[in-house]
Amino acid sequence: MVSGKYFNKGVKALDSPHVGHVVRETSDKIVVFGGGDDRYDIPKSTIRFAAGNVLIDLPFYEIVRKYKVDRKDPLPADSAPSIDLPEPVDLATYEGKYPKSLFNKGVRTQDEEHVGHVMRETDDKIVVWGHYDWRFDVPKSKIIAVGRNVILGMDYSDVFKYSVDRNAPLPTGESVETLAE
């Protein structure tokens, strides 16, 4: 299986903020590419938590000791059929151009300042929750790139043009309390 709920997420250890990122997921493990030629085939049973990143319930040295494999080894696969692509495809680029959802992605400005996270997406806007109880309803037309983060084509100071009261109804007309559901 090429994708899954962990695909392309960053991976952290108990004592390391960056182990690598998930490049493959099977029914029982994730394959993580780290820096250089590092590769780790990590059992899903060691995952403590997964949200924006995957936290492995081990210190980094244990991950290296137990799960490091040669990056050139064949990738593990499930017995389920896989999809054969006609030619090599850069899946990270594809996912960046055609994301399924912007929900929970970080939001940054073109001057590389962190704005917040996408909490709701409509056809034409994203609702961003930032620091200090700030909320921004930003038109999607202001998005210039999407990958692991949503990049807005403006400087940080320009984001405040889109500031709204955090408790104001969502652009869909729904109450802000629906975000908790």
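Taking 0.36 nm per residue of sequence separation and removing the Cα-Cα distance, the Asp37/Asp137 pair yields an extension gain of 31.9 nm. In the chain, Cα pairs under 8 Å separated by at least six residues give a relative contact order of 13 percent.
Think of the chain as having a plus end and a minus end, set by charges on the Cβ of Lys, Arg, Asp and Glu; of Val107, Asn8, Pro59, Pro59 sits farthest toward the positive end of this dipole. Taking the number of Cβ atoms within 10 Å of each Cβ as an exposure proxy, the fewest-first ranking of Asp38, Asp123 is Asp123, Asp38.
Centre-to-centre, using Cα atoms only, region 18-72 and region 149-181 are separated by 34 Å.
For region 106-180, the Cα gyration tensor yields ellipsoid semi-axes of 19, 13, 11 Å (square root of five times each eigenvalue, largest first, whole Å). Taking amide H positions as placed in the peptide plane 1.01 Å from N, state which residues far from Lys125 in sequence (5 or more) or on other chains have amide H under 5 Å from it. The list, which skips near neighbours in sequence, is Lys140. Label sites at Ala77 and Met119, each approximated as a point 7 angstrom past Cα along Cα to Cβ, lie 4.4 nm apart. Size descriptors for region 10-79: radius of gyration and Dmax over Cα atoms are 11.0, 34 Å. Over all directions, the projected convex hull of the C-alpha atoms in the chain averages 12.8 nm² in area. Evaluated with a Cβ-only charge set (Lys, Arg +1; Asp, Glu -1), region 10-79 carries a dipole of roughly 60 debye about its Cα centre, given to the nearest 20. Annotation: for a label point projected 7 angstrom from Cα along Cα→Cβ of Arg65, residues of region 12-31 with backbone N closer than 17 Å are 13-16.
Throughout, read-outs are computed from the coordinates displayed, never taken from laboratory work. All values reported here derive from a predicted model rather than from experimental measurement. Note that each Cβ is placed from the backbone with ideal geometry, even for glycine, and that neighbours are counted across all protein chains shown.
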